[in-house]
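> Let me begin by handing over the structure; questions about it come next.
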Amino acid sequence: MKGAALLERQWRDGGPLATALRPLGALTCALAGWRRRHAHGRPAILPSIVVGNLPVGGSGKTPLVVAIAAELAVRGWRPAIVSRGYGAHPPHYPYAVQPGDQPRRAGDEPLLLREVAPVYLSPRRLPGIAAAAADGAAVAVLDDGFQHLALHAQVQLLVFSGARPLGNGRCLPAGPLREPLTAMAAADALLVDAAAQDALVAMATPPRFRFRIVPVDLALVRDPAIRQPLSGLQGRAVTALSGIARPERFTAILASLGARVQSRVFADHHPFSAKDLAACPRPIVMTAKDAVKCRAIAGPDDWFLRIRAELEAPFWDWLAQRLP
């Protein structure tokens with residue numbers, strides 16, 4: 001087993017490597033706790049909603065950011081999304097992502113988010129929110145940012161998913177947590193899927209709201225307007241191509257839809273090349289995040305799975321009461 005995969009497995013289940021790293025994990029927890037206790041964040045010029053997490057890796061943040069921004073737009077709020085822009089190389093910060101930007105300039109997730117609302121890249125979130133306000137936005141949704149303590153947001157949301165949402169419960173590098181579990185008290189609410197709800201049932205936490213990820217259909221990578229129903233996966237052999245943090249979840253969704261899946265897994269945010277795709281048996285099914293990087297190199301039988309996050313109705317009433 002490769003080093004990264006071994007460590008991630010021990011982050012989930014524990015083991016000798018995670019045990020040996022406990023002193024470093026304890027130091028991370030202590031430093032993160034001290035930093036949060038002594039932080040003096042400032043409110044932004046716009047009402048701000050942080051969608052973040054405690055563990056590293058995929059938890060469903062991106063589809064939840066899409067769902068929240070889309071619903072705010074329906075309600076007339078004029079949202080903008082502010083992202084750190086991991087892997088992006090914009091000419092300056094803050095940077096307003098343009099529809100024709102390439103993944104190297106804007107990053108993969110920001111390009112995906114740009115389909116629902118204006119996106120601003122800014123490692124320092126306050127200037128990014130100010131840029132969004134200058135362009136007419138009325139509310140900012142932050143893709144990640146729970147650990148960005150310079151900002152005092154109106155709404156702090158933490159996302160948890162899967163049967164082991166806290167892994168082994170330890171901080172990096174002994175476990176997957178960026179901060180100790182006490183940081184959960186700084187959240188205004190938790191967004192949890194069904195498995196995480198069961199795992200956290202014994203814990204005293206802020207209010208919880210359930211979400212679920214729903215597959216919608218398949219879209220052609222090089223022309224997303226071309227769609228096919230999910231029923232086309234039934235009994236079909238496909239290559240599940242992914243460069244995301246939790247590829248096993250993507251594979252499990254395809255298998256649950258009846259596909260016979262062969263996985264080709266790359267590192268998170270992998271910059272796909274034509275050679276990568278040529279080595280895969282067709283048809284290929286990839287994630288929407290990977291598809292934005294592959295549009296120019298995709299073939300006629302390369303598809304991506306469109307999904308959406310659905311939040312329970314009480315969440316929207318709760319959120320409306322939190323916004324000025």
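The values are calculated or read from the model by the stated rules, or taken from the named source; none is laboratory data. Predicted model, so just to flag it, every value in this text is computed and none were measured. Counting neighbours? That spans all protein chains shown, and the Cβs are built from the backbone with ideal geometry, glycine included. In case anyone asks, the SASA skips ligands and DNA or RNA and just uses the protein heavy atoms, side chains included. Shrake-Rupley method; radii C 1.70, N 1.55, O 1.52, S 1.80 Å.
> Test Leu177 against the criterion of being touching a strand residue (DSSP E or B) at 6+ places or on another chain (Cβ under 9 Å) and over 30 Å from Arg306 (Cβ atoms), and give yes or no.
Against the criterion (touching a strand residue (DSSP E or B) at 6+ places or on another chain (Cβ under 9 Å) and over 30 Å from Arg306 (Cβ atoms)), Leu177 qualifies.
> Among what's in the stretch 207-226 and is without any contact (Cβ under 8 Å) to a residue 24 or more places away in the chain and of a type outside the set (A, V, I, L, M, F, W, C), pick the residue that is farthest from Ser161 (Cα to Cα).
The qualifying residue farthest from Ser161 (Cα to Cα) is Asp223.
> Does the stretch 180-188 include one or more residues that are within 13 Å of Ser48 (Cα to Cα) and crowded, with 17+ Cβ neighbours inside 10 Å?
Yes, the stretch 180-188 contains at least one residue that is within 13 Å of Ser48 (Cα to Cα) and crowded, with 17+ Cβ neighbours inside 10 Å.
> Going through Arg75, Arg125, Arg105, Arg114 one at a time, which residue ends up being closer than 20 Å to Pro43 by Cα and of a type in the set (Lys, Arg)?
Arg125
> Can you tell me which of (1) at pLDDT 95 or above; (2) in contact with a helix residue (DSSP H, G or I) (Cβ under 8 Å, 6 or more places away or on another chain); (3) open to solvent by 40 Å² or more (accessible area, probe 1.4 Å) is the one Pro90 doesn't meet?
Here Pro90 clears every test but (3).
> May I ask you to list pairs of residues, at least six apart or on different chains, whose Cβ atoms are under 6 Å apart, with the first in the stretch 293-322 being within 17 Å of Phe266 (Cα to Cα) and the second being open to solvent by less than 50 Å² (accessible area, probe 1.4 Å) and among the aromatic types (Phe, Trp, Tyr)?
Taking only residues 6 or more apart or on different chains, the pairs are Lys293/Phe272; Cys294/Phe272.
> Can you tell which of Val56, Val119, Val50, Val66 is surrounded by 22 or more Cβ atoms within 10 Å (Cβ to Cβ) and closer than 30 Å to Arg170 by Cβ?
Going through Val56, Val119, Val50, Val66 in turn, the sole match is Val50.
> Among the candidates Glu8, Glu71, Glu109, single out the residue that is charged (D, E, K, R), touching a Lys or Arg at 6+ places or on another chain (Cβ under 8 Å) and either within 24 Å of Leu305 (Cβ to Cβ) or in a helix (DSSP H, G or I) (or both).
So the residue among Glu8, Glu71, Glu109 that is charged (D, E, K, R), touching a Lys or Arg at 6+ places or on another chain (Cβ under 8 Å) and either within 24 Å of Leu305 (Cβ to Cβ) or in a helix (DSSP H, G or I) (or both) is Glu109.
> Another question about this same structure. Is it the case that Val139 is more than 19 Å from the chain's Cα centre (by Cα), buried (at least 22 other Cβ atoms within 10 Å of the Cβ) and within 30 Å of Ala80 (Cβ to Cβ)?
Answer is yes for this residue.
> Still on this structure: In the set Leu191, Leu158, Leu166, which member is part of a loop (DSSP other than H, G, I, E, B) and open to solvent by less than 60 Å² (accessible area, probe 1.4 Å)?
Leu166
> For residues in the stretch 239-266 being among the aliphatic types (A, V, I, L, M), assigned to a loop (DSSP other than H, G, I, E, B) and without any contact (Cβ under 8 Å) to a residue 60 or more places away in the chain, which is surrounded by the most Cβ atoms within 10 Å (Cβ to Cβ)?
Ala259
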